[in-house]
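The values are calculated or read from the model by the stated rules, or taken from the named source; none is laboratory data. Every value quoted in this text rests on a predicted model; they were computed, and no experiment measured them. Quick reminder, even Gly has a Cβ in these numbers, built from the backbone with ideal geometry, and neighbours come from all protein chains shown.
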Amino acid sequence: MFRRDPIPPGEAVEILLDGQPISARRGDSVAGALLAGGVTRFRDSVVSGAPRAPYCLMGTCFECLMTIDGVANRQACLVTVEPGMRITRQSGAPSLLPEAET
Amino acid sequence: MDQHDITVIGGGLVGSAVALGLAETGLRVLVLDGEDLSRRASRANFGLVWVSGKGLGTPDYARWSFEAARIWPGFARDLEARSGVSLSLDQPGGYSFGLSIGELDGIIAEMTHITEETDGEGAPWRMVSRAELVREIPGIGPDVAGAVHGSADGHLNALRLFHALHRAGAAAGVTYRAHHAVTQIEPSSAGFRLRGDWGQITTPRVVLAAGTETERLAPMVGLAAPLKRSRGQIVVTERVSGRLPFLSAIIRQTDEGSVMIGDSDEGDTDALAGNPEIAALLAARAIRVYPPLARLNMVRSWTGFRVKPRDGIPIYGQSRSCPGAYVVLCHSGVTLAALHARRIAPQIAEGAAQIGPAAFSSERFHVPA
Amino acid sequence: MSAQLPDTAELVIIGAGPAGMAAAIEARAAGAEVMLLDETPAAGGQIWRAVGTAPEARKALLGKEYAAGAALVSDFAACGAHHASGVSVWGVMPDGTGPIHVGVSESGAAGMIETRAVILATGAQERPLPVPGWTLPGVMGAGAAQIALKSGGLLPEGRCVLAGVGPLLYLLADQLLRAGVTPAALVETPSPRRRAALPHLPDFLRTPAFLKGAGLIARVRRRIPVITGAEALEITGESRAEALRYRRAGSWHEIPADLVLLHAGVVPSLNLAVAAGVPTRWNAVLRCFEPETDAAGATDLPGLFIAGDGAGIGGAERALPSGRRAAQAALAQLGREVDPLAAAEAQRQWHRADRGRAFIDRWFAPPPSLLAPQGETIACRCEEVPASAIRDAARLGAPGPNQIKTYLRCGMGPCQGRMCAASVTEIMADESGRDPADLGHLRFRTPVRPLSLAELAQLPAGEAARRAALGDAALPETPLPLPDRSS
Ligand SMILES: Cc1cc2nc3c(=O)[nH]c(=O)nc-3n(C[C@H](O)[C@H](O)[C@H](O)COP(=O)(O)OP(=O)(O)OC[C@H]3O[C@@H](n4cnc5c(N)ncnc54)[C@H](O)[C@@H]3O)c2cc1C
Ligand code: FES
């Protein structure tokens, strides 16, 4: 969906998406880094499970919710990358309570 | 709007449950309701179908609440079928936690009293020691001293109950009119004249179910409904997967996955804006009860004004001086909705002099002549 | 809370866009102690995002106006205001005539700042364009693509189509072309009442924006196909956007696309103002609600001011004097001297910047039919509430959007109604024939951004709150049992 412009980039930083390394640039937002890294599906919706991706990149739509360094439902477009940051996609609502025994 | 037999003032949970029940008896029912942002406890409540702790000093209220809990499953099935809206009623029993021995002892004393006063006809409950709690609720907070578990307590999706009552009402022929806040009621030869800034209508009979506004309207038809001001604030989290392993009166998880945390009680404010300090304390208490909640995000908090009779007991009755005028008012409109549709509405339809248990009569407030 | 933030300030400004920076500079010049909060990492707001750090080559490609922002950003940096970046504001809580509390959150810790005056300069958000398929990955706001370009140098890859209405579509197309990206098409959906703009044309012709805008549109039209007069849009695709379809003169056409960038203008960000208790009014020309303020940006709530696009859409050029005027009004309230010449100058600037807007607002007005979707099109993205359910609930007789929210949960998800509030009102208006001005909008409440319960629980609370929340009971004195973050 996106590529980087040819202008000399900033310092490279590696982050992990679901355990896979992605190369980001210092100063990138997490959402920006993932878009540049070719990620199209950011999460599956809480209601129907449909795939979703950032819509606004300015903190309004909450489509970019991801688990970042263990904290669920963070807005990836408002978080700046840090080296080694661990990002996981959420499928449905984040699992923060014990699963029911059935 | 002209062709109707009875008018219900108020389209909240109480008014719409009564309206539905009245329509089921064959009456043509008109509901007059207020504005989008009128004060509505029905859109701000916690969703409990709750019995424990109710009716201290008024055993009829303890019995009435228990009765409501018992008829809820049948009422819910019927309402779901008529409205096509699922209510997610769940009655697993509920915990009342003590965060100190003193608090726990207070809860136990109250429950014991209610049992004695009702001659054991109230809902069954049991004490739960800390050791038992740790087994029943893995992850329970270190500060919880123990709890009481009431067997009849439950909850449902209160927003969908509101939707379902409106939808089933429409299907049963109830005419619903928003933007029709009633400001004046005058007895007339043909019944009652109801006025507002929208105009006026005449109605043969009228039911006052206007929530906090009822207090002002009741004296116009010789009824009394004195209220206590009580603002409650609730905190709601994002949806999460997994289940909260218990139900309590201050923490519950909706069927959609959000956790609701309640609820405060303030008697001295009229303001609508929530108070973050109160939200902070509600959150702190919830985390102490069940620490895994700390990781959840709060996405909303709101306040609502409870419809709280001065003595806490429902107010039902027909006016003696203006027959044909009724009042139905209570705090627990979710819990009692089943009874309002199934018991109270038929009595009103019949024109019974006494509506519901005698202890709930509006006359206890010394109706002025 | 964090070491960075003091817990009191004389004047708090929220938003580091043109309005907020101009307000800060003005207030500092009068000697006020200013704290400016913004959730983004660097000053600039939406229009000058990252201008302080962007490489020269990117600035050149984004155009003169973008580059011009660097001057204001450096003036702001030198003005002596305390700029706290990366801080999100979740609530502004005025207390009658007492101090105003500003709820903030930074790196997962919430806190409260007490102040005597607040200027909200939180700008605008893109107006959601709820067309079929708009929730698919590969569909974004045109503004989002612009932000990606400004802040990360990201360029669309593959087939990219721009659709909707508003000057931003042309501006973005031009910026993309300069960066070497050729969009497959620009599909314009003008309002059927575009002619209403014509009486305002002579005024617009006398503004510099006219020449600039005309040149821009001509450049874009020379390089890419511009299809104007589309009446309806939809995006098709299985798990991501595959094509944009549009209806023109009654028949449907399809353009294959990997990225669809939608736009229908911008609208004021209302959440903080409404949650603080500021009433709103309906702007029938711009088809949006805006907070009620006087010309200088003062609200009815003592100490609370609104500047820039957040007070009413006027563009960056008007946001500058708007920020200055709000600062002057706040300074007066704080008992500080305001130079009458500066006040007159800011007012003149404002009127100059406002010239031509009457034309732009009408010429680029969105067609109401696009804003009030039908059928299964999702209106509330968070809760996935389709337009048909909202129409159905409106027919039950709901008095307004808030009762629809009770029925259906639209507006109850994490975005708290930002993405559906306008659509719920538009759909109800369309269904009931009532004026949006009478219907109102979804109510927004504090906190306007999610807070973790752990963060919330650690806010300080007073005795009155304790009584209200806990009655006679008390909480144990032991530390809160907080679980480990990573567990
Ligand atoms: C997506 C988009 C693209 C645009 N592109 C252009 C363009 O290319 N050219 C043009 O002329 N105009 C453009 N505009 C319009 C232009 O941005 C505005 O006219 C101008 O920026 C208004 O200035 P402002 O200071 O009022 O708001 P903004 O520039 O929007 O600044 C508001 C600031 O407030 C911050 N903020 C908001 N809420 C909070 C909170 N709760 N806590 C902390 N901080 C907060 C934001 O991070 C932002 O930095 C665009 C608008 C948008 C929305
Ligand atoms: S992309 Fe919209 S909030 Fe992040």
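Those residues that are basic (Lys, Arg) and more than 7 Å from every other protein chain (Cβ to nearest Cβ), I need them from the range C:444-457; list them, please. Spell out the reasoning first.
Of all residues in the range C:444-457, those basic (Lys, Arg) come to C:445, C:449.
Answer for the range C:444-457, where residues must be basic (Lys, Arg) and more than 7 Å from every other protein chain (Cβ to nearest Cβ): just C:Arg449.
Limited to the range C:219-260, what total is found for residues that are among the aliphatic types (A, V, I, L, M), without any contact (Cβ under 8 Å) to a residue 60 or more places away in the chain and more than 22 Å from C:Pro192 (Cα to Cα)? Reasoning before the result, please.
Step one: list which residues in the range C:219-260 are among the aliphatic types (A, V, I, L, M), which gives C:220, C:224, C:226-227, C:230, C:232-233, C:235, C:241, C:243-244, C:249, C:255, C:257, C:259-260.
After this cut, where a residue has to be without any contact (Cβ under 8 Å) to a residue 60 or more places away in the chain as well, the list is C:220, C:224, C:226-227, C:243, C:249.
This time we only want the ones that are more than 22 Å from C:Pro192 (Cα to Cα), so: C:220, C:224, C:243.
Count: 3.
Could you list, in sequence order, all residues of the range C:458-467 that are part of a helix (DSSP H, G or I) and either facing chain B (nearest Cβ under 7 Å) or in contact (Cβ under 8 Å) with a residue 12 or more places away in the chain (or both)?
Kept after step one, since they are part of a helix (DSSP H, G or I), are these residues of the range C:458-467: C:463-467.
Residues satisfying the conditions are C:Ala465, C:Arg466.
With respect to B:Ala152, determine if the residue is within 14 Å of chain C (Cβ to nearest Cβ) and surrounded by 15 or more Cβ atoms within 10 Å (Cβ to Cβ).
It is false that B:Ala152 is within 14 Å of chain C (Cβ to nearest Cβ) and surrounded by 15 or more Cβ atoms within 10 Å (Cβ to Cβ).
Considering only residues that are within 17 Å of B:Gln233 (Cα to Cα), within 14 Å of another protein chain (Cβ to nearest Cβ) and outside any loop (DSSP other than H, G, I, E, B), which ones fall in the range B:20-50?
Once the filter is applied, which keeps residues that are within 17 Å of B:Gln233 (Cα to Cα), within 14 Å of another protein chain (Cβ to nearest Cβ) and outside any loop (DSSP other than H, G, I, E, B), the range B:20-50 yields B:Ala41, B:Ser42, B:Arg43.
Would you confirm whether any residue within the range C:322-338 is in contact with a Leu (Cβ under 6 Å, 6 or more places away or on another chain) and within 23 Å of A:Thr60 (Cα to Cα)?
No, the range C:322-338 has no match at all.
Take the conditions modelled with pLDDT under 95, buried (at least 19 other Cβ atoms within 10 Å of the Cβ) and touching a Phe, Trp or Tyr at 6+ places or on another chain (Cβ under 7 Å) and apply them to C:Lys59. Does it pass?
Details: modelled with pLDDT under 95: yes; buried (at least 19 other Cβ atoms within 10 Å of the Cβ): yes; touching a Phe, Trp or Tyr at 6+ places or on another chain (Cβ under 7 Å): yes.
In short, yes.
For the range B:83-116, enumerate the residues that are farther than 30 Å from B:Arg167 by Cα and not in a helix (DSSP H, G or I). Full working, then the answer.
Here is the first cut: in the range B:83-116, the ones farther than 30 Å from B:Arg167 by Cα are B:95-116.
Answer for the range B:83-116, where residues must be farther than 30 Å from B:Arg167 by Cα and not in a helix (DSSP H, G or I): B:Tyr95, B:Ser96, B:Phe97, B:Gly98, B:Leu99, B:Ser100.
Do we have B:Phe75 as more than 11 Å from B:Gly154 (Cα to Cα), touching a strand residue (DSSP E or B) at 6+ places or on another chain (Cβ under 7 Å) and not small (Gly, Ala, Ser) here?
For B:Phe75, the condition - more than 11 Å from B:Gly154 (Cα to Cα), touching a strand residue (DSSP E or B) at 6+ places or on another chain (Cβ under 7 Å) and not small (Gly, Ala, Ser) - is not met.
Somewhere in the range B:86-102, is a residue closer than 30 Å to B:Val206 by Cα and out of contact with any Phe, Trp or Tyr (no Cβ under 6 Å at 6 or more places or on another chain)? Please lay out each step first, then the result.
Initial filter on the range B:86-102 (closer than 30 Å to B:Val206 by Cα): B:87.
After this cut, where a residue has to be out of contact with any Phe, Trp or Tyr (no Cβ under 6 Å at 6 or more places or on another chain) as well, the list is B:87.
Yes: one or more hits.
Looking only at the range A:73-88, which residues are outside any loop (DSSP other than H, G, I, E, B) and more than 10 Å from chain C (Cβ to nearest Cβ)?
To start, the set of residues in the range A:73-88 that are outside any loop (DSSP other than H, G, I, E, B) comprises A:73-75, A:80, A:86-88.
Scanning the range A:73-88 gives A:Ile87, A:Thr88.
Filter the strands (runs of 3 or more DSSP E) completely within the range C:1-101 down to those with at least 3 residues that are within 16 Å of ligand 2 (Cβ to nearest atom) and not assigned by the TED database to the domain that holds C:Gly310. Break it down into steps so the answer makes sense when it comes.
Working: elements: C:8-14, C:34-38, C:82-85, C:88-94.
In the range C:1-101, no matching strands (runs of 3 or more DSSP E) lie anywhere.
Using the structure shown, decide if A:Ala31 is hydrophobic (A, V, I, L, M, F, W, C), surrounded by fewer than 24 Cβ atoms within 10 Å (Cβ to Cβ) and either at pLDDT 95 or above or within 9 Å of ligand 2 (Cβ to nearest atom) (or both). Don't jump to the end; show me each part of the working.
Numbers: hydrophobic (A, V, I, L, M, F, W, C): yes; surrounded by fewer than 24 Cβ atoms within 10 Å (Cβ to Cβ): no; either at pLDDT 95 or above or within 9 Å of ligand 2 (Cβ to nearest atom) (or both): yes.
Taking the combined requirement at face value, the residue does not satisfy it.
Restricting to the range C:239-292, name every residue that is within 13 Å of ligand 1 (Cβ to nearest atom) and of a type in the set (Ser, Thr, Tyr). Give the steps one after another, and end with the answer.
Kept after step one, since they are within 13 Å of ligand 1 (Cβ to nearest atom), are these residues of the range C:239-292: C:261-276, C:286, C:288, C:290-291.
Within the range C:239-292, just C:Ser269 meets the criteria.
For the range C:1-56: of the residues being within 9 Å of ligand 1 (Cβ to nearest atom) and of a type in the set (Asp, Glu), which is nearest to the other protein chains (Cβ to nearest Cβ)?
So the residue we want is C:Glu39.
Can you tell me which residue is farthest from C:Val187 (Cα to Cα) among those in the range C:144-165 that are more than 7 Å from chain A (Cβ to nearest Cβ) and either within 16 Å of ligand 1 (Cβ to nearest atom) or in a helix (DSSP H, G or I) (or both)?
Step by step, filter the range C:144-165, then rank; the result is C:Lys150.
Taking helices (runs of 4 or more DSSP H) that do not extend beyond the range C:166-273, which have at least 1 residues that are more than 21 Å from C:Gln146 (Cβ to Cβ) and not acidic (Asp, Glu)?
Of the helices (runs of 4 or more DSSP H) lying wholly inside the range C:166-273, those with at least 1 residues that are more than 21 Å from C:Gln146 (Cβ to Cβ) and not acidic (Asp, Glu) span C:201-205, C:208-223.
Quick check: is even one residue across the range B:163-179 modelled with pLDDT of 95 or more, hydroxyl-bearing (Ser, Thr, Tyr) and farther than 30 Å from C:Pro481 by Cα?
yes
Within the range C:181-195, can one find any residue that is within 14 Å of chain A (Cβ to nearest Cβ), more than 16 Å from ligand 2 (Cβ to nearest atom) and either surrounded by 21 or more Cβ atoms within 10 Å (Cβ to Cβ) or under 23 Å from C:Ala124 (Cβ atoms) (or both)?
yes
Give the residues of the range B:186-208 that are loosely packed, with under 13 Cβ neighbours inside 10 Å, polar (S, T, N, Q) and not in a loop (DSSP other than H, G, I, E, B), sorted by residue number. Before the answer, list the steps.
Our first condition is that a residue be loosely packed, with under 13 Cβ neighbours inside 10 Å; within the range B:186-208, this holds for B:188-190, B:197, B:199-200.
From the residues that got through so far, the ones that are polar (S, T, N, Q) too are B:188-189, B:200.
Residues satisfying the conditions are B:Ser188, B:Gln200.
Can you report the number of residues in the range C:390-408 which are surrounded by fewer than 23 Cβ atoms within 10 Å (Cβ to Cβ) and closer than 20 Å to C:Val131 by Cα?
Here the count works out to 2.
If I ask for residues that are within 14 Å of the chain's Cα centre (by Cα), surrounded by fewer than 24 Cβ atoms within 10 Å (Cβ to Cβ) and either part of a loop (DSSP other than H, G, I, E, B) or within 7 Å of chain C (Cβ to nearest Cβ) (or both), which ones from the range B:275-331 would you list?
B:Arg306, B:Gly312, B:Ile313, B:His331
Provide a single number: the residues in the range C:417-447 that are modelled with pLDDT of 95 or more, buried (at least 22 other Cβ atoms within 10 Å of the Cβ) and in a loop (DSSP other than H, G, I, E, B).
Adding up the residues that qualify gives 6.
If we keep just the residues of the range A:34-50 that are free of Cβ contacts under 8 Å to residues at least 40 places away in the same chain and within 14 Å of ligand 2 (Cβ to nearest atom), which is farthest from the other protein chains (Cβ to nearest Cβ)?
A:Val39
Of the residues C:Val89, C:Val73, which is within 15 Å of ligand 1 (Cβ to nearest atom), more than 13 Å from C:Ala327 (Cβ to Cβ) and buried (at least 23 other Cβ atoms within 10 Å of the Cβ)?
Numbers: C:Val73 fails: buried (at least 23 other Cβ atoms within 10 Å of the Cβ).
Matching residue, one of C:Val89, C:Val73: C:Val89.
State which residue is nearest to ligand 2 (Cβ to nearest atom) when the search covers only the range A:54-72 and only residues that are in a strand (DSSP E or B) and at the interface with chain C (Cβ under 7 Å from one of its Cβ atoms). Before you say what the answer is, go through the steps one by one.
Start the filter on the range A:54-72 by keeping residues that are in a strand (DSSP E or B), which leaves A:65-68, A:71-72.
Imposing the further condition that a residue be at the interface with chain C (Cβ under 7 Å from one of its Cβ atoms) reduces the set to A:65, A:71.
Numbers: A:Leu65: 8, A:Val71: 15 Å.
Filtering first and then ranking leaves A:Leu65.
Return only the number of the condition from (1) at pLDDT below 90; (2) more than 10 Å from every other protein chain (Cβ to nearest Cβ); (3) not in a loop (DSSP other than H, G, I, E, B) that B:Ile234 does not satisfy.
The one condition B:Ile234 does not meet is (1).
Across the range C:402-435, which residue is farthest from C:Glu376 (Cα to Cα) among those that are charged (D, E, K, R) and touching a residue at least 40 places away in the same chain (Cβ under 8 Å)? Spell out the reasoning first.
Narrowing the range C:402-435 to residues charged (D, E, K, R): C:405, C:409, C:418, C:426, C:430-431, C:434-435.
Still in the running and touching a residue at least 40 places away in the same chain (Cβ under 8 Å): C:418, C:426, C:430-431, C:435.
Working: C:Arg418: 20, C:Glu426: 16, C:Asp430: 16, C:Glu431: 15, C:Asp435: 24 Å.
Result: C:Asp435.
Report yes if C:Val118 is among the aliphatic types (A, V, I, L, M), under 20 Å from the mean Cα position of the chain (by Cα) and under 24 Å from C:Leu451 (Cβ atoms), otherwise no. Give the derivation first.
Values: among the aliphatic types (A, V, I, L, M): yes; under 20 Å from the mean Cα position of the chain (by Cα): yes; under 24 Å from C:Leu451 (Cβ atoms): yes.
Taking the combined requirement at face value, the residue satisfies it.
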